[in-house]
Amino acid sequence: MNKILICDPLDPSGLEILHQSGAHVHQLTAEERPRLAEIIGEFDAMVVRSATQVTAEVLTAGKRLRVVGRAGIGVDNVDVKTATELGVLVVNAPTANLVSATEHTLAMMLVLLRRVAAADGALKSGDWNRKAYLGTELMAKTLGVVGFGRIGRAVADRARAFGMEILAYDPFLEPSFARDLGVELLSLEELLPRCDVVTLHTPLTADTRGLISAEMLALMKPGSYLVNCARGGIVDEPALLARLESGEIAGAAMDVFAEEPPTDFALIRHPRVVATPHIGAQTREAQERVSTQTAKMMLAALGGSMAVTAVNLPFRSSDTGGETLMLLAERLSRLGSSLQGGRLQKLSVEMEGISEGLQPAVRVAALKGALSAFLGVGVNYVNAQQVAEERGVQVQQSARSTCDNYPQLIRLKLSGSAGQIELAGTLFGDDPRVVSIDGFSLESRLKNCLLVVRNRDVPGVVGKVGTLLGEAEINIAEIHLARRPDETDALAVLRLDHHPSQEVLDSLERLDEVRWLKVVDLGGG
Ligand code: NAD
């Protein structure tokens, strides 16, 4: 009989499913909590929300532990790396809150345009003033959806029922796919001046951080509205406040903030702002769905099924060495996808010296890496193939049993709307390295923040780049320079201690010798 430990409060619907399966279910008590590492040894699975920290100590002590269920999306409180090393599957419930987040966006839009929150506040304080709350209809207005993924599309469907016209910006979506959905796909610069309401539904990635910048806000139609129920950090909040104060933007609705909980309330308290404390997923139904989906996934995983929404795959490093190869494939592909920069159309994965048994896992890891460059945490090993199919991304795989220069090599070719890029990577021990980018040979570690610079091959470039980074107090951990025979261009990969600000990147880009540059955060301290 499976023994399951419930560490945080879980909606009763999921508990019921676990009980009915015949498993022994135990709710962690307040007295037991400090002794979690002692208790866990008896259990086959544990369920957490965000409160319990599933540390390396807890995982290592869980001698029988096979599954960690995270009732929700984010797995920041779970040491996924250690879980993977120990062969413990981490499952989550990534789509359980889709409808709730969608409906909250619509609610925010209506409250904002009809000034419901302000009118309610005034009336409650005894002020009956109909004239002060002249609103705006949604009917016949244009809605700009930035990020046309699951929630963006669901918002668009509902907005159509209000008679809105839909425009979308999503550089990673096939135009033909958007056409089939009856939506006009534009660049952000084209979309913003045409919309009465702009709603954001992208993940928070290196590219979307600060996407709605002062320059983009300035492009918005005068008197239009902005809604952010996606992630804090996508909008430049001080720039938005300035636009609201000058009256160019009529109002903003925000469920998410750059800092949560916020310490600066200037934007939130602005009279034309409607704000909620990140409650997009806070509904009875979403909580119930999270609970039931997690319970079903846990039971499926305990029963040996791989068809679960796992954020990792259960490779034991001692058995196969598979997880380091997967890490290599994932990070190499994420780098390639970020450098390609446009809509991904085709990924080809060539494996050399990699055993047949590991090839499917390496392929799926490469796919996950390529997609997560623009889809963030929404893509996992289980759904990567399906997400690729939905988005029209073709995947090709080939293999050779031997490799010429290294024991093992992964070659990737990524083609998309912004061109094509080829990379190769290998393992130095357990250390994933990129050994070639578009024919430039190098040996750069695939971790942390990489700054990739393509420049004219003339003396002094590295010095200039280093000076600008030094002035911004950004330490360079490692630097690799590469040139190709008979070429006027060179490539540099710099591993940085932290992500440079947009200003630093702008000043680097302004250097005459620099053709292009890109920063890619690969994580993994
Ligand atoms: P999704 O992965 O289905 O869709 C995201 C879309 O954004 C994709 O189509 C992707 O191509 C697009 N995208 C990526 N980078 C982009 C860029 N630079 N410019 C424009 N588009 C870009 O994700 P989803 O499930 O629809 O979730 C959307 C957002 O909503 C996420 O940030 C998620 O965290 C957030 N969310 C918030 C709440 C809440 O409580 N407020 C609840 C659920 C989800």
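The values are calculated or read from the model by the stated rules, or taken from the named source; none is laboratory data. None of the values given here were measured: they were computed from a predicted structure. Note that each Cβ is placed from the backbone with ideal geometry, even for glycine, and that neighbours are counted across all protein chains shown.
Of everything in the range 348-398 that is of a type in the set (V, I, T) and more than 17 Å from G523 (Cα to Cα), the residue that is farthest from the ligand (Cβ to nearest atom) is I354.
Is it true that D264 is under 21 Å from F374 (Cβ atoms) and exposed (fewer than 15 other Cβ atoms within 10 Å of the Cβ)? No. R66 falls short of the stated requirement of being among the basic types (K, R) and under 15 Å from S291 (Cβ atoms).
Just one of (1) in contact with a Lys or Arg (Cβ under 7 Å, 6 or more places away or on another chain); (2) surrounded by fewer than 16 Cβ atoms within 10 Å (Cβ to Cβ) fails for N405. It is (1). Among the residues of the range 197-211, those that are more than 10 Å from the ligand (Cβ to nearest atom) and either in contact (Cβ under 8 Å) with a residue 60 or more places away in the chain or loosely packed, with under 15 Cβ neighbours inside 10 Å (or both) comprise V197, T199, G210. Of V58, V80, all but one fail to be over 18 Å from A23 (Cα atoms) and in contact with a helix residue (DSSP H, G or I) (Cβ under 6 Å, 6 or more places away or on another chain); the exception is V58. Looking at G152, is it within 30 Å of N383 (Cβ to Cβ), within 12 Å of the ligand (Cβ to nearest atom), assigned by TED's automatic domain parsing to the domain that holds E259 and not polar (S, T, N, Q)? Criteria met by G152. Checking each residue in the range 95-137 for being within 16 Å of the ligand (Cβ to nearest atom), aliphatic (A, V, I, L, M) and either at pLDDT below 90 or out of contact with any strand residue (DSSP E or B) (no Cβ under 8 Å at 6 or more places or on another chain) (or both) picks out A96, L98, V99, A101, L106, A107. Taking the condition surrounded by fewer than 18 Cβ atoms within 10 Å (Cβ to Cβ), assigned by TED's automatic domain parsing to the domain that holds T205 and touching a Ser or Thr at 6+ places or on another chain (Cβ under 6 Å), does E165 pass? Here the answer is yes, as E165 does meet what is asked. Provide a single number: the residues in the range 170-193 that are crowded, with 17+ Cβ neighbours inside 10 Å and closer than 19 Å to A252 by Cα. So the answer is 2.
Restricting to the range 55-94, name every residue that is of a type in the set (D, E, K, R) and away from the ligand (no atom under 16 Å from the Cβ).
Scanning the range 55-94 gives E57, K63, R64, R66, D79, K81, E85.
Scan the range 473-493 for residues that are crowded, with 16+ Cβ neighbours inside 10 Å and in contact (Cβ under 8 Å) with a residue 24 or more places away in the chain and the total you get is 8. Candidates are the residues of the range 494-525 that are assigned to a helix (DSSP H, G or I) and in contact with a strand residue (DSSP E or B) (Cβ under 8 Å, 6 or more places away or on another chain); the one that is surrounded by the most Cβ atoms within 10 Å (Cβ to Cβ) is L508. Against the criterion of being touching a helix residue (DSSP H, G or I) at 6+ places or on another chain (Cβ under 7 Å), without any contact (Cβ under 8 Å) to a residue 40 or more places away in the chain and either surrounded by 20 or more Cβ atoms within 10 Å (Cβ to Cβ) or in a strand (DSSP E or B) (or both), L427 does not qualify. Scanning the range 384-402 for residues that are surrounded by 14 or more Cβ atoms within 10 Å (Cβ to Cβ) and hydroxyl-bearing (S, T, Y) yields no hits at all.
Given the condition surrounded by 15 or more Cβ atoms within 10 Å (Cβ to Cβ) and not acidic (D, E), answer yes or no: does some residue in the range 129-138 qualify?
Yes, the range 129-138 contains a residue that is surrounded by 15 or more Cβ atoms within 10 Å (Cβ to Cβ) and not acidic (D, E).
Within the range 269-279, is there a residue that is over 30 Å from L358 (Cβ atoms), modelled with pLDDT of 95 or more and part of a helix (DSSP H, G or I)? No, there is no match, as no residue in the range 269-279 is over 30 Å from L358 (Cβ atoms), modelled with pLDDT of 95 or more and part of a helix (DSSP H, G or I).
Considering only residues that are assigned to a strand (DSSP E or B) and within 16 Å of the ligand (Cβ to nearest atom), look in the range 227-249 and name the one that is farthest from L143 (Cα to Cα). This residue is V235. What number of residues within the range 481-493 satisfy the criterion of being over 28 Å from the mean Cα position of the chain (by Cα) and either closer than 21 Å to L522 by Cβ or in a loop (DSSP other than H, G, I, E, B) (or both)? Going through the range 481-493 one residue at a time, the tally reaches 7.
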